[in-house]
Each structure stands twice: as C-alpha cells, then as structure tokens.
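Notes for the one structure printed next.
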Amino acid sequence: MIEGADLIQASAFLGAGLAMGLGAIGPGLGEGMVGAKACEAIGKNPGEAGLLTRTMLVGQAVSESTGIYSLVIALLLLFVV
C-alpha cells in the first residue's frame, strides 16, 4: 500500500499530467480556429493580409497564455510539491 510522501508525490505527478493534458486542449483548438478564420478572411480580402496577420498573431498569443499557465502549474506540482 502506498502511504505518506509516496502518495503525495504520485498525486502531484498525476495532477501535473492532467494539468498539461487538459491545459493544452484549449490553446490548441483556439489557435487552430484563429488560424483557419484568418486564412478564410485573407482569401476573401487579400488587401488586408497585413492587418489580419497581425491581429491573428495577437489572438494566438493570448490563447497560448492559458497553455503557459497550465505549464507553470504542472512545473509547480512536479518540483515544489
């Protein structure tokens, strides 16, 4: 039977895996949707490609920040707990 510190460490590893696994789904889907819509918009209006690309990159950066937050939580669980 697992007891004490081993149980806490196993729980931290499981939590870190879940944090990264679930925390990567949102940014992945969000960035894919942003990229797809930007390509669609550039196809409809090629003259605005520069503005659309800048706006797309800002949207992807904001979306990626949630993935970075889950990475921070996972690293805290791995190395602090």
Helices (runs of 4 or more DSSP H) within the chain that include 3 or more residues in contact with an Asp or Glu (Cβ under 8 Å, 6 or more places away or on another chain) and either surrounded by 11 or more Cβ atoms within 10 Å (Cβ to Cβ) or touching a residue at least 12 places away in the same chain (Cβ under 8 Å) (or both): 25-44, 49-79
Any hit, region 49-58, residues being of a type outside the set (F, W, Y) and either under 30 Å from G4 (Cβ atoms) or under 13 Å from the mean Cα position of the chain (by Cα) (or both): no
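Each value in this text was obtained by applying a stated rule to the coordinates, not by laboratory testing. Just so we're clear, the structure is a prediction, and the values are computed from it rather than from any experiment. All Cβ positions, glycine included, derive from the backbone under ideal geometry; neighbour counts span all protein chains shown.
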